[in-house]
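The values are calculated or read from the model by the stated rules, or taken from the named source; none is laboratory data. These figures come from a predicted structure and were not determined experimentally. Cβ atoms come from the backbone with ideal geometry, glycine included; neighbour counts cover every protein chain shown. The protein model used for the area step is the full one, side chains on, heavy atoms only, and it has no ligands, DNA or RNA in it. Shrake-Rupley method; radii C 1.70, N 1.55, O 1.52, S 1.80 Å.
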Amino acid sequence: MKVTSSAIVNGVFEDKYGKRGELNALGMPTYSIPVKIEDAPAGTKSYALVLDDKDAFPVSGGFVWVHWVAANIQRDELQENESQTAKDFVQGVNSWLSIQGGSHPAESCSYYGGMAPPDAPHIYELRVYALDTVLDLKPGFYMNEMFRQMEGHVLEEVVIKGEYKN
């Protein structure tokens, strides 16, 4: 399986996908990255994805920052800024829900919540999972719920990385 995103240019995420892009009323970047999936393994029924920032650990109070979690994607391409409008896949809460993120309501955090490194450039990892099933998840699910349901159903996983400047 091959996963690409035109949001990453020469190893760097373009500004518009993070804190120098569109922000909602809560100050959360919401302009989501495009994702293209090719050559999925036989038997793929859906995709799940996680976009996270492991470099956030020292500045977030000790946890990886989750920017986007989505499941039951049944097409090979997500357009940029589609997280706010797409109705054909389900999205879980991101870390903007946390105390460090401002304790925003779950409804406001169940979408793409873009990159905003406070201290230095961070590396962001997009993990895409090809699954042999569709998961039983509702909007606003927690990432751990998705991973529990994915167990035994992952056909392939691909990770792509990009930096976002602070």
### Query
For the range 4-48, what are the residues that are crowded, with 22+ Cβ neighbours inside 10 Å and part of a strand (DSSP E or B)?
13, 18, 29, 35, 47, 48
### Query
Is there any pair with a first residue in the range 30-54 that is within 21 Å of residue 95 (Cα to Cα) and a second that is outside any strand (DSSP E or B) and of a type in the set (Asp, Glu) whose Cβ atoms are under 8 Å apart and which are 6 or more apart or on different chains, and what are they?
30/22; 31/22; 31/80; 32/80; 32/82; 33/80; 34/80; 34/82
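Take residue 161 and decide whether it is among the basic types (Lys, Arg), open to solvent by 10 Å² or more (accessible area, probe 1.4 Å) and over 24 Å from residue 1 (Cβ atoms). First the steps, then the outcome.
Numbers: among the basic types (Lys, Arg): yes; open to solvent by 10 Å² or more (accessible area, probe 1.4 Å): yes; over 24 Å from residue 1 (Cβ atoms): no.
So residue 161 fails the test.
Does the range 94-117 include one or more residues that are part of a strand (DSSP E or B) and either at positive phi or in contact (Cβ under 8 Å) with a residue 60 or more places away in the chain (or both)?
The first filter runs over the range 94-117 and keeps only residues part of a strand (DSSP E or B), leaving 115.
With either at positive phi or in contact (Cβ under 8 Å) with a residue 60 or more places away in the chain (or both) added as a condition, the list becomes 115.
Among the residues of the range 94-117, at least one is part of a strand (DSSP E or B) and either at positive phi or in contact (Cβ under 8 Å) with a residue 60 or more places away in the chain (or both), which makes the answer yes.
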### Within the range 72-87, considering residues that are touching a residue at least 60 places away in the same chain (Cβ under 8 Å) and over 20 Å from residue 17 (Cα atoms), the one surrounded by the fewest Cβ atoms within 10 Å (Cβ to Cβ)
74
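Yes/no per residue for (1) aliphatic (A, V, I, L, M); (2) touching a helix residue (DSSP H, G or I) at 6+ places or on another chain (Cβ under 6 Å); (3) at positive phi; (4) modelled with pLDDT of 95 or more:
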{"site": "25", "(1), (2), (3), (4)": "yes, no, no, no"}
{"site": "34", "(1), (2), (3), (4)": "no, no, no, yes"}
{"site": "46", "(1), (2), (3), (4)": "no, no, no, yes"}
{"site": "60", "(1), (2), (3), (4)": "no, no, no, no"}
{"site": "63", "(1), (2), (3), (4)": "no, no, no, no"}
{"site": "66", "(1), (2), (3), (4)": "yes, yes, no, yes"}
{"site": "82", "(1), (2), (3), (4)": "no, no, no, yes"}
### Message
Please go through (1) in contact (Cβ under 8 Å) with a residue 60 or more places away in the chain; (2) part of a loop (DSSP other than H, G, I, E, B); (3) basic (Lys, Arg) for residue 138 and return the number of the only condition it doesn't satisfy.
### Response
(1)
### Message
What's the number of the only condition in (1) buried (at least 19 other Cβ atoms within 10 Å of the Cβ); (2) polar (S, T, N, Q); (3) modelled with pLDDT of 95 or more that residue 95 fails to meet?
### Response
(3)
